[in-house]
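For reference, the structure discussed in these notes is given below.
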Amino acid sequence: MATAGAPEGSEPGCEPGCEPGCEPGCEPGCEPGCEHYRRGCRLRAPCCGKLYPCRLCHDGAEEHQLDRFRVSEVQCSRCRLLQKAQQRCEGCGSLFGEYYCDICHLFDRDKKQYHCQECGICRIGPKEDFFHCSKCNLCLSLSLQGKHKCIENVSRQDCPICLEDIHTSRVGAHVLPCGHLLHRTCYDEMLKEGYRCPLCMHSALDMTRYWRQLDNEVAQTPMPTEYQNMMVEILCNDCNARSTVQFHLLGMKCQSCESYNTAQDGRCRLSLEEQ
C-alpha cells in the first residue's frame, strides 16, 4: 500500500516532535522516510520529474514505474536542496541513509545490505551468509548450497500464489524442495490450506511423519465391501512413479517412495478377483 508523493512545498517535519523530512500523517517522534524505507531524501523521478520518498511510493501513485537505475537527483528532506544522488547532503550535511547503493540508488537504515552484481539489485545480508546460484539466478542462504533443486531462472517467475514479482520483491523468497519459489508470506498462507506446490503438486515440506500416521488410519479404517477388492492406478506427485494399489478413500500410497501425495490415474480399475 503505497503513499502519494509529498508536496514539494511542504515544510520539514509534519508533526510536533517529528524528525525533519518525515511524511504527512506520521506519528510524533518518527524517523524520516516512508512506510517502505527510512531515509532523509526524496527521489526525483526521471520519468515524470516528481519527488517521491521511494520508487514504491511513486509506483503506487502514478500509472508508470520509476526506473531506480536512472535516478540522478534527490532532494534533501531537511534543507530541500535538490542535488545529485549521493549519501550525504551537500548543503546541510544530513545523512540520507546509513546504507546507500550508487547503482540502485537505494537509501535505507543499515540492514547489512549488499549489491549483488549477478542479481542486479541490492539484497539484505549479511553478504557472507548468502551465495548466488547462477542457474536459479538468485541469492540463496548458504544452508541451501548444494542442497536445493535448481530451475533455470526460477527467480524471474512470478509467485504462483499472489502472481507478484519475486526477484525484486522486498518480501523474501522460500525455496520449495521441488525448486520452485514462493514469497515467504505466501508460503505461510499456503500451508494453512495445503501442503503441495501450486505449480507441480510436489510436497512442499517433509511429510514423512504424517504419512506414517496415515498408514495407521488406513489400516484401522476398512472400506465398504464393494470397494475392498478394488485396485486403481495412481501417479505419485513426489517421485512421478506409477503404481497399482488398493483403493482407499483416505489415501493411496505410492509403492515407490511411500508418499500419499498421489492422484488416481484413471487408466484402470481392476478387482483382485478379476486378475
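The values are calculated or read from the model by the stated rules, or taken from the named source; none is laboratory data. Every value quoted in this text rests on a predicted model; they were computed, and no experiment measured them. Please note: Cβ atoms are built from the backbone with ideal geometry, for glycine as well, and neighbour counts cover all protein chains shown. When the accessible area is computed, the model is the full protein with side chains, heavy atoms only, and any ligands, DNA or RNA have been set aside. Shrake-Rupley method; radii C 1.70, N 1.55, O 1.52, S 1.80 Å.
So the values come out like this:
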| read-out | value |
| --- | --- |
| Nearest 10 degrees, 0 to 90: helix 208-219 Cα axis against the chain principal axis | 30 degrees |
| Calculated from backbone phi, Karplus (6.51, -1.76, 1.60) coupling profile of the stretch 221-238 in Hz, x at Gly/Pro | 10, x, 7, x, 3, 5, 10, 5, 10, 7, 10, 9, 8, 10, 10, 8, 6, 8 |
| Carbon and sulfur %, accessible surface of the stretch 59-150 computed with the full protein complex present, 1.4 Å | 45 percent |
| Label-point gap, in nm, between Thr221 and Gln65 - each point 7 angstrom along Cα→Cβ | 4.6 nm |
| Protection proxy ranking of 170-176, 121-127 - average other beta-carbon atoms within 10 Å, highest first | 170-176, 121-127 |
| Most mobile listed residue (His202, His115, His64) in the chain, GNM with C-alpha springs under 10 Å | His64 |
| Å² of accessible area per residue within the chain, as computed with a 1.4 Å probe and no ligands counted | 56 Å² |
| Dipole of the chain, positive end: most advanced residue of Gly172, Leu140, Met207 [Cβ charges, Cα centre] | Leu140 |
| Point-to-point label distance, Arg88-Val245, nm (Cα→Cβ direction, 7 Å offset) | 6.7 nm |
| Fraction of accessible area attributable to carbon and sulfur, the stretch 161-275 (%, probe 1.4 Å) | 48 percent |
| Point-charge dipole on Cβ atoms (K/R +1, D/E -1) for the stretch 114-193, about Cα centre, debye to 20 | 220 debye |
| Whichever lysines have a C-alpha closer than 30 Å to that of Lys253, once near sequence neighbours (fewer than 8 apart) are set aside | Lys147, Lys149, Lys192 |
| For the stretch 65-92 versus the stretch 134-187, the gap between their alpha-carbon centres in whole angstrom | 33 Å |
| Exposure rule at most 12 other beta-carbon atoms within 10 Å, DSSP loop GluC sites (Glu not before Pro): the chain longest free segment | 194-275 |
| Spherically averaged projected area of the chain from its Cα convex hull (nm²) | 19.9 nm² |
| Cut-off under 5 Å, modelled amide H: who pairs with Gln113 long-range | Gly125 |
| Lysines whose Cα lies under 28 Å from that of Lys50, excluding same-chain neighbours fewer than 8 positions away | Lys84, Lys111 |
| Gyration tensor (alpha-carbon) shape descriptor, the stretch 207-270, a/c threshold 1.5 | oblate |
| Residue among Tyr227, Tyr187, Tyr260 with the largest mean-square fluctuation in a Gaussian network model of the chain, springs linking Cα atoms under 10 Å | Tyr227 |
| Structure-based [θ]222 nm, the chain - -39500 (n - 2.57) summed over DSSP H runs of at least 4, per residue, nearest 500 | -2500 deg cm²/dmol |
| FRET E, pair Met230, Lys149, Förster distance 25 Å, beta-carbon r, rounded to 0.05 | 0.10 |
